[in-house]
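Take a look at the structure set out below.
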Amino acid sequence: MQQPSVIVVGGGAMGSSVACELARRGHQVTVLEQHAMLHPQGSSHGSSRIVRLVYDDPFYVRLALTARPLWDELQQQSDLEVFRQTGGVDHGPRELLEPFAAALDQAGVAYEWLTAEQAADRWPGLRFDQTVLFQPDAGVAHPDHTLTILQREAIAHGAAWHPHTRVDAIDETDAGVSVTAGERTFTADRVVLTAGVWSHRLADLPAETATQVQPAHFTPNDEATPWPTFIHRRTDEHGEAIPEAYGLPSPDGIKVGFHGGGKVVDPDDRDFAVVEAEVDDLRTYVGEWLPGVDPATLDSGTCLYGGLAEDDFIIDRTGRLTIAAGFSGHGFKFVPLVGRMVADLVAGTADPEPRFTVGAHRPVG
């Protein structure tokens, strides 16, 4: 039986994964991407993202547990490094870590409690002062290589890629869907919207606030020092939780940043300039907590961060339109799984996860 043809709007990480999976399954796939095939304007570029199982919500632990072996599978099929297992640590006050341990316990995921001294012996590049939770399955994904492999595989299975093609409207017709991009019109049986922070401009979705965050890379003092991925769960002088610091090894050095923050931007008109006060805060943090790097070597970059208020994604289907949105901040680890989830929705062989429906993100009352 012939599979329905599909237009994918947005060729970033999720769009590339969806296109790859649909093409592998025999669909005629057309990808419309407003920028180049690999570009720094969105949330899918660079050399590193954390892949982890540690959440304080058992739902996401189980979802991450499903996605994790797909990274190994993708790496086995690749001639580039798309994933490297490093193990991951969360450290800070025990009371902040307990909910994460409880969620791992519910999902049957192995982990290990370490003292600050034990952790420092394993990872001398980091400073620890309280409790450490170690989970061995964590690692580092390489976004640019991941997109390269997914796009290459999609095209090898017949997908057509149209970079620099900005979509203006998506319309359902009696025969299928019509997608308008400037003076051009594309038609297909189905359409998938994976346009990141631009998605709400093309469908009736909650708007995502676009912020520009600015992690930085630091040069390690000793290239032989082992590094896990790490999340430092912190409190202020009053014992109140404050934004986490995170970090991971990458080909560009040791990447460190603060979760959240950043400046609100227009994704179509941003200058990529860093906020110097945040750079200073990051350098100060690294000087205190990462003895294994040189704080003076800070090389700051920017990344577009979106996401929905609840931090839950949207992966839903209405009629001929399937939507996958709201991933910025913690979604990259699910890239290979989302491609399969969306392909199942397009085929009608699965129902949307209730937490990921558009309706679940609507205000009640």
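The values are calculated or read from the model by the stated rules, or taken from the named source; none is laboratory data. A quick note: this is a predicted structure, and the numbers were derived from the prediction, not measured. Cβ placement follows ideal geometry from the backbone for every residue including glycine, while neighbour counts extend to all protein chains displayed. For the accessible areas, the whole protein counts, side chains as well, though only heavy atoms, and no ligand, DNA or RNA atoms are used. Shrake-Rupley method; radii C 1.70, N 1.55, O 1.52, S 1.80 Å.
Averaging sequence separations of C-alpha pairs under 8 Å and six or more residues apart, then dividing by the length of the range 97-187, give the relative contact order as a whole percent.
Averaging sequence separation for qualifying contacts and normalising by length gives 15 percent for the range 97-187.
Calculate for the chain the 222 nm mean residue ellipticity that helices alone would give, adding -39,500 (n - 2.57) per DSSP H run of length 4 or more and normalising by residue count, nearest 500 deg cm²/dmol.
-8000 deg cm²/dmol
Could you pull the accessible area for E353 with a 1.4 Å probe, rounded to 10 Å²?
Roll a 1.4 Å probe over it and E353 shows about 60 Å².
How much FRET efficiency would the formula 1/(1 + (r/R0)^6) give for R201 and T297, where r is the Cβ-Cβ distance and R0 is 25 Å, rounded to 0.05?
So the FRET efficiency works out to roughly 0.05.
Net charge near G261: determine it from the other residues with C-beta under 14 Å of the C-beta of G261, scoring Lys and Arg +1 and Asp and Glu -1.
-3
Can you give me the relative contact order of the chain as a percent, contacts being Cα pairs under 8 Å and 6 or more apart?
Value for the chain: 23 percent.
Can you pull the one-decimal nm distance between simple spin-label points at A277 and R94, each 7 Å off the Cα toward Cβ?
3.7 nm
Work out the FRET efficiency for D121 and A36 from their Cβ-Cβ distance, taking R0 = 51 Å, and round it to the nearest 0.05.
Plugging the Cβ-Cβ distance into 1/(1 + (r/R0)^6) gives 0.65.
Which order do F59, F334 take by accessible area at a 1.4 Å probe, largest first?
So, going from the largest accessible area down, we get F59, F334.
State the percentage of accessible surface on the chain attributable to carbon and sulfur atoms; use a 1.4 Å probe and exclude ligands, DNA and RNA.
49 percent
Sort D281, D236 by accessible area with a 1.4 Å probe, largest first.
In descending accessible area the options line up as D281, D236.
Ordering D189, D171 from largest to smallest accessible area (1.4 angstrom probe), what's the sequence?
Descending accessible area places them as D171, D189.
Give me the percent relative contact order of the range 60-215, please, defined on Cα pairs under 8 angstrom at least 6 residues apart.
That works out to 18 percent.
Have a look at the DSSP beta bridges in the chain and tell me what percent are antiparallel, nearest 5.
DSSP beta bridges in the chain are roughly 75 percent antiparallel.
State the Cα centre-to-centre distance between the range 238-258 and the range 132-149 in whole Å.
15 Å
Can you list the HN-Hα couplings for the range 233-247, worked out from phi with the Karplus curve (6.51, -1.76, 1.60; θ = phi - 60°), rounded to whole Hz and with x for Gly and Pro?
8, 10, 10, 8, 5, 9, x, 8, 5, 10, x, 5, 9, 9, x
Testing the spin-label approximation: label points 7 Å from Cα along Cα→Cβ at R270 and R166. State their distance in nm.
According to this spin-label approximation, the distance is 1.6 nm.
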